[in-house]
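S.K.: One structure follows; several queries about it will come next.
A short reminder: the numbers here are calculations on the coordinates, not readings from a lab. All values reported here derive from a predicted model rather than from experimental measurement. All Cβ positions, even for glycine, are placed from backbone atoms using ideal geometry, and neighbour counts span all protein chains on display.
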Amino acid sequence: MSAPLLDIADLRVSFRNDRGEEAEALRGVDLTLEPGKVLGVVGESGSGKSVAMMAFLQLLPPTARISGSARFKGEQLVGMSPSKIRRIRGKAVGCIFQDPLSAFNPVITLGDQIIEAIRLHDRSITRRAALKEAERLFELVAIPQPARRVRQHPHEFSGGMRQRAMIAMALANSPDLLIADEPTTALDVTVQAQILDLLGDLRKELGIGLILITHDLGVVAGMADDIAVMYGGRVVETGPTDPIFYETAHPYTAGLIDAVPTLDADGPLRQIEGTPPSIFSRPPGCSFHPRCGRAQAICMTEDPPLRRLGAGRCACHFPVRTPQEAPA
Amino acid sequence: MLAYIARRLIAIPFLLLGVASVSFLLSQMTKGDPLAALVPERMMDNPEIVAAVKAQWGLDQPLPVRYGIYISNLLQGDLGTSFATRRPVAVDIAERLPATLELVFAAMIIGTIMGVGLGLLSARFRGSVFDGLARIFALIGSSLPIFWSGLILLYLLSVRVALVPGTGRLPPRVEPPPDVTGFYTVDALLAGDLDLFAQALAHLALPALVLGWAVSGVITRLVRSSLIEGLSQDYARTARAKGAPERVVLINHALRNALIPLLTILGFTFAYLITGAVLTEAIFAWPGIGSYAVRGAASLDYPAIGGVTIVGSIAFLLANLLTDIAYAWANPRIKVGG
């Protein structure tokens with residue numbers, strides 16, 4: 001096995017609220033991504049999926065306390081000095097955010113924003129050359145009339161085109177890793193598939209590792225090599241994509257898969273009862289137990305560790321698929 | 001854009017006509033008697049003299065006629081004759097406006113540099129001791145009345161330590177430079193007279209600083225809060241994710257967006273100060289139109305009041321137009337001319 005591109009181990013993040021209470025947003029997360037592969041990180045709002053990515057890039061507000069380990073190409077990112085991690089952000093790691101309208105600066109042309117991304121990492125590139133590069137990137141993400149479009153402002157773009165521009169900017173310095181945080185959530189359904197296809201094609205073409213953060217299992221199903229399902233600030237199930245779907249182990253994952261609407265199903269949409277816990281009032285034991293149909297006494301007191309199960313790993317006292325049934 | 005500017009410029013005379021009408025009517029509704037300014041008190045009971053004066057100034061005419069005369073004179077650029085100085089108001093104002101403009105420009109430059117600078121540093125080092133001090137400094141600047149801070153500073157810096165000269169635009173018996181712009185500092189430089197320039201600058205320094213401090217207070221607080229808001233926006237996170245250091249996020253991203261509210265405040269403040277620098281002018285014996293307006297109001301000098309009102313309105317209208325143009329430049333989401 002080749003050395004992992006990104007290896008996160010026991011990553012923890014805590015915040016302090018106004019009353020001085022400490023709250024853990026991440027409680028020991030382990031994730032691994034091989035070079036050129038796609039990892040889908042799935043979970044509801046508040047599960048910690050975005051926090052995990054923002055944490056190792058040190059993009060969280062300064063009130064966040066981060067511990068654990070995140071090695072990117074062997075280099076430890078946790079605790080890295082601001083000036084060193086700046087050279088990784090936007091260079092080796094590109095980010096794509098959820099809402100491309102608010103993620104771009106409204107008063108600067110898209111071309112200038114891409115020029116900035118390029119020249120922040122290489123001052124020797126002239127503005128003119130960087131603009132040419134921005135046009136090439138626009139062409140790469142299939143934005144028509146790139147020479148004209150780079151001179152426009154974000155509000156002159158449609159949602160889908162804006163997200164293409166965001167992808168172009170993330171690719172500006174030929175990164176090894178792309179982090180896409182809900183890249184299609186703010187877009188029209190008709191555009192979502194186009195953007196995902198584009199992201200998938202470019203990634204394959206350029207051999208970039210991709211972490212796709214989403215609340216939508218459908219989004220990762222066709223794209224991800226591996227999936228990590230997060231709940232309550234930790235990974236509850238992880239493994240290769242197919243077993244996650246066909247040999248689902250965690251009741252929460254099963255609930256998520258059940259909740260995906262299908263065309264041939266009758267009756268009401270299925271949902272997971274209840275709401276995800278706030279990080280300031282997380283239940284004791286397994287944080288999913290108040291919403292779990294399989295919960296028993298032990299679930300209320302003991303948080304299950306992430307145990308190997310079949311092809312993946314699962315943190316549950318009573319997995320849907322018991323270890324005995326797992327194929328050898 | 002040019003068509004838009006032309007349209008706005010064409011509208012200005014009509015707006016001014018409205019302003020002049022309202023100001024004329026309001027001044028007619030006041031209780032005071034302008035005759036008190038025109039006729040010496042011991043001649044007040046001589047009906048012949050009173051009637052003669054009334055006739056001379058047109059005060060015997062009915063209101064609509066007086067209004068008609070006033071407006072038709074205005075259209076010919078005649079602002080009337082001051083009751084107090086017995087000179088055309090237009091001449092009085094032309095003489096005094098450059099003094100006010102010089103003071104206001106200097107104060108705006110000082111206030112903007114100080115305000116934007118302090119706001120930037122304050123936002124960058126938010127919560128630090130510096131931030132605290134800058135905020136107190138800004139609060140004092142924008143809330144201390146100028147007649148107090150001006151007097152205290154004048155006393156301390158001019159009377160006690162003689163760091164700056166006293167009031168006025170130049171020392172007594174010093175001839176002003178040949179009139180080109182009306183700004184003594186600029187004209188002295190144009191005339192190549194460095195001594196005179198230094199004197200004019202020294203006289204300008206304290207009133208401009210006092211007024212600039214007040215301006216900077218508002219700007220510091222506006223810039224600081226806009227920047228802090230900007231730093232928490234998604235686009236700031238994107239910039240950081242691109243590898244931008246905090247200084248670049250602040251200046252290239254947050255400040256660019258803060259320009260939009262800043263321009264509004266700058267335009268408004270500038271227009272306001274043209275007639276609003278009254279207190280500063282009064283304390284520093286600055287011969288500008290603010291002090292002219294005060295004298296006019298005190299003696300019911302309607303033509304003078306009307307003239308200052310019109311100049312103030314022109315300042316407001318032009319400042320608004322310039323603000324709108326600058327706005328379109330700073331905020332590409334705004335299309336001017338729609």
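S.K.: How far, in degrees from 0 to 90, does helix A:127-140 lean away from the longest principal axis of the Cα atoms of chain A, to the nearest 10?
M.R.: With both axes taken from Cα atoms, the answer is about 50 degrees.
S.K.: Over the residues of the stretch B:175-221, compute the C-alpha Rg and express it relative to 2.2 N^0.38 Å.
M.R.: 1.40
S.K.: Which one of B:PRO177, B:PRO62, B:PRO207 has the biggest mean-square fluctuation once chain B is modelled by GNM with Cα springs under 10 Å?
M.R.: Ranking B:PRO177, B:PRO62, B:PRO207 by mean-square fluctuation puts B:PRO62 first.
S.K.: Counting only residues 5 or more places away or on other chains, whose amide H sits under 5 Å from the amide H of A:ILE125 once H atoms are built in the peptide plane?
M.R.: Under 5 Å from the amide H of A:ILE125 lies no amide H from a residue far enough along the sequence or on another chain.
S.K.: Using a simple charge model, +1 on the beta-carbon of Lys and Arg, -1 on the beta-carbon of Asp and Glu, nothing else, what dipole does chain A show about its Cα centre, in debye to the nearest 20?
M.R.: Dipole magnitude for chain A comes out near 1300 debye.
S.K.: Can you list which of the chymotrypsin sites (Phe, Trp or Tyr not before Pro) found in the stretch B:106-189 are DSSP loop residues with at most 16 other C-beta atoms within 10 Å? Please report the intermediate quantities before stating the final value.
M.R.: Numbers: sites: B:PHE125, B:PHE130, B:PHE137, B:PHE147, B:TRP148, B:TYR155, B:PHE183, B:TYR184; in loops: B:PHE125, B:PHE183.
Those that pass, being in a loop and sparsely packed, are B:PHE125.
S.K.: Let me ask you something else. Rg and Dmax in Å for the stretch B:52-135, alpha carbons only: what are they?
M.R.: Expressed in Å, the Cα Rg and Dmax of the stretch B:52-135 come to 24.2, 71.
S.K.: Follow-up question, since we're still on this one. How much of the calculated P(r) for the stretch B:235-296 lies past 15 Å, in percent of all Cα pairs?
M.R.: On the way: 1207 of 1891 pairs.
Tail of the P(r) past 15 Å holds 64 percent of the pairs.
S.K.: Let me ask something else. Using helices alone, what [θ] at 222 nm do you get for chain B, with -39,500 (n - 2.57) per DSSP H run of 4 or more residues, divided over all residues and rounded to the nearest 500?
M.R.: Per the formula, -23000 deg cm²/dmol.
S.K.: Could you list A:HIS155, A:HIS215 so that the one with the fewest beta carbons within 10 Å of its beta carbon is first and the one with the most is last?
M.R.: A:HIS155, A:HIS215
S.K.: Tell me the relative contact order for chain A as a rounded percent, counting alpha carbon contacts under 8 Å between residues six or more apart.
M.R.: It comes to 20 percent, rounded to a whole number.
S.K.: Anything over 25 Å Cα to Cα? Flag those among A:LYS91/A:LYS132; A:LYS49/A:LYS73; A:LYS84/A:LYS204, in the order listed.
M.R.: Listed pairs above 25 Å: A:LYS84/A:LYS204.
S.K.: Something else about it: When 1/r is averaged over all different Cα pairs and the result inverted, which Kirkwood radius in Å belongs to the stretch B:95-330?
M.R.: Radius from the Kirkwood sum: 19.3 Å.
S.K.: Right, here's the next one. Roughly how large, in nm² to one decimal, is the mean projection of the convex hull of the alpha-carbon atoms in the stretch B:2-75?
M.R.: 6.1 nm²
S.K.: Once Lys and Arg get +1 and Asp and Glu get -1 on their Cβ, which of B:ALA328, A:ALA117, A:ASN17 lies farthest toward the positive end of the dipole of the protein assembly as shown?
M.R.: Ranked along the dipole, the leading option is A:ALA117.
S.K.: How shielded is B:242-251 by partner chains, expressed as the average number of their Cβ atoms within 10 Å of its Cβ atoms?
M.R.: Values: counts 17, 14, 6, 4, 2, 0, 3, 1, 0, 0.
Mean shielding by partner chains, rounded to a whole number: 5.
S.K.: Arrange the following residues from fewest to most other Cβ atoms within 10 Å of their Cβ: B:ILE283, B:ILE49.
M.R.: With the sparsest Cβ surroundings first, the list reads B:ILE49, B:ILE283.
S.K.: Roughly how crowded by other chains is peptide B:228-236, in terms of the mean Cβ count from those chains within 10 Å of each of its Cβ atoms?
M.R.: The mean count of partner-chain Cβ atoms within 10 Å per residue comes to 3.
S.K.: Could you put A:MET166, A:MET223 in order, starting from the residue whose Cβ has the fewest other Cβ atoms within 10 Å?
M.R.: Result, fewest neighbours first: A:MET223, A:MET166.
S.K.: What is the percent of Cα-Cα separations in the stretch A:100-177 that go past 15 Å?
M.R.: Taking all Cα-Cα pairs of the stretch A:100-177, the fraction more than 15 Å apart is 47 percent.
S.K.: Additional query: Helix A:110-119: angle to the longest alpha-carbon principal axis of chain A, degrees 0 to 90, nearest 10?
M.R.: Helix A:110-119 sits roughly 80 degrees off the main axis of chain A.
S.K.: Using alpha-carbon positions, what is the distance between the centroids of the stretch B:87-156 and the stretch B:61-86, in Å?
M.R.: 37 Å
S.K.: If each of B:ALA36 and A:GLU156 carries a label point 7 Å out from its Cα toward its Cβ, how far apart are those two points in nm?
M.R.: Taking the simple label geometry, B:ALA36 and A:GLU156 are separated by 6.3 nm.
S.K.: Separate question: Ratio of chain A's C-alpha Rg to 2.2 N^0.38 Å, to two decimals?
M.R.: 1.04
S.K.: Further, regarding this structure: Per-residue mean of other chain beta-carbon atoms within 10 angstrom of the beta-carbon, peptide A:94-107? Intermediate results must be reported in sequence, preceding the final value.
M.R.: Values: counts 2, 5, 2, 5, 1, 1, 2, 2, 5, 8, 4, 13, 8, 11.
That average works out to 5.
S.K.: Taking only DSSP H segments of four or more residues, each worth -39500 (n - 2.57), what value at 222 nm results for chain A once the sum is divided by all its residues, to the nearest 500 deg cm²/dmol?
M.R.: Here the helix-only value at 222 nm equals -8000 deg cm²/dmol.
S.K.: If packing is taken as the mean number of other Cβ atoms within 10 Å per residue, what is the order of A:32-42, A:281-291, A:11-21, B:98-108, highest first? Working shown, then result.
M.R.: Numbers: A:32-42: 21.5, A:281-291: 17.8, A:11-21: 13.6, B:98-108: 23.2.
Packing proxy ranking, top to bottom: B:98-108, A:32-42, A:281-291, A:11-21.
S.K.: Test of understanding: express the Cα radius of gyration of the stretch A:98-231 as a ratio to 2.2 N^0.38 Å, with N the residue count. Please report the intermediate quantities before stating the final value.
M.R.: Values: Rg = 14.8 Å, N = 134, 2.2 N^0.38 = 14.1 Å.
Taking N as the residue count of the stretch A:98-231, the ratio is 1.05.
S.K.: Can you give the Rg to Rh ratio for the protein assembly as shown, taking only C-alpha atoms and Rh from Kirkwood?
M.R.: Radius of gyration relative to Kirkwood radius: 1.15.
S.K.: A follow-up question, please. Could you give me the percent of Cα pairs per 10 Å distance bin for the stretch A:29-161, shortest bin first, beginning at zero and ending with the bin that holds the maximum distance?
M.R.: Result returned by the calculation: 10, 33, 33, 22, 2.
S.K.: Separate question: So, counting K/R as plus one and D/E as minus one, what does the shell of residues with Cβ under 12 Å around A:THR126 add up to?
M.R.: +3
S.K.: For the stretch B:2-75, build the charge dipole from Cβ charges (+1 Lys, Arg; -1 Asp, Glu) around the Cα centre, then report which of B:GLN56, B:ALA6, B:TYR70 sits farthest towards its positive end.
M.R.: Farthest towards the positive pole: B:ALA6.
S.K.: A follow-up question, please. Just round it to a whole percent: the fraction of Cα-Cα distances in the stretch A:82-128 exceeding 16 Å.
M.R.: Everything past 16 Å amounts to 48 percent.
S.K.: Just to check I understand the Karplus step: with θ = phi - 60° and J = 6.51 cos²θ - 1.76 cosθ + 1.60, what whole-Hz values come out for the stretch B:92-108, glycine and proline as x?
M.R.: 3, 5, 4, 6, 9, 4, x, 4, 5, 4, 4, 5, 5, 4, 4, 5, 5
S.K.: Hey, can you rank A:168-178, B:84-94 by average C-beta count inside 10 Å, highest first?
M.R.: Packing order, densest peptide first, comes out as A:168-178, B:84-94.
S.K.: Using the Kirkwood formula on the Cα atoms of the stretch B:133-218, what hydrodynamic radius do you get, in angstrom to one decimal?
M.R.: 14.1 Å
S.K.: Still on this structure, I have one more. What are the residues whose amide H is under 5 Å from the amide H of A:ARG234, where those residues sit 5 or more places off or on another chain and H is modelled from the backbone?
M.R.: Placed amide hydrogens put A:ARG27 under 5 Å from A:ARG234.
S.K.: If one takes the longest principal axis of the Cα atoms in chain B, at what angle in degrees, from 0 to 90 and to the nearest 10, does the Cα axis of helix B:289-298 lie?
M.R.: The answer is roughly 40 degrees.
S.K.: If you take the charge dipole of the stretch B:95-330 about its Cα centre, with +1 on Lys and Arg Cβ and -1 on Asp and Glu Cβ, which of B:GLY243, B:SER226, B:GLY166 is farthest toward its positive end?
M.R.: B:GLY243
S.K.: Run the reach check for B:LYS54 against aspartates and glutamates, Cα to Cα strictly under 17 Å, same-chain hits fewer than 8 apart removed. What comes back?
M.R.: List returned: B:ASP33, B:GLU41, B:ASP45, B:ASP301.
S.K.: Another question, if that's okay. In debye to the nearest 20, how big a dipole does the protein assembly as shown give about its Cα centre with +1 on each Lys and Arg Cβ and -1 on each Asp and Glu Cβ? All intermediate terms of the calculation are to be shown ahead of the outcome.
M.R.: Details: 61 positive and 59 negative charges, 207 e Å.
Dipole magnitude for the protein assembly as shown comes out near 1000 debye.
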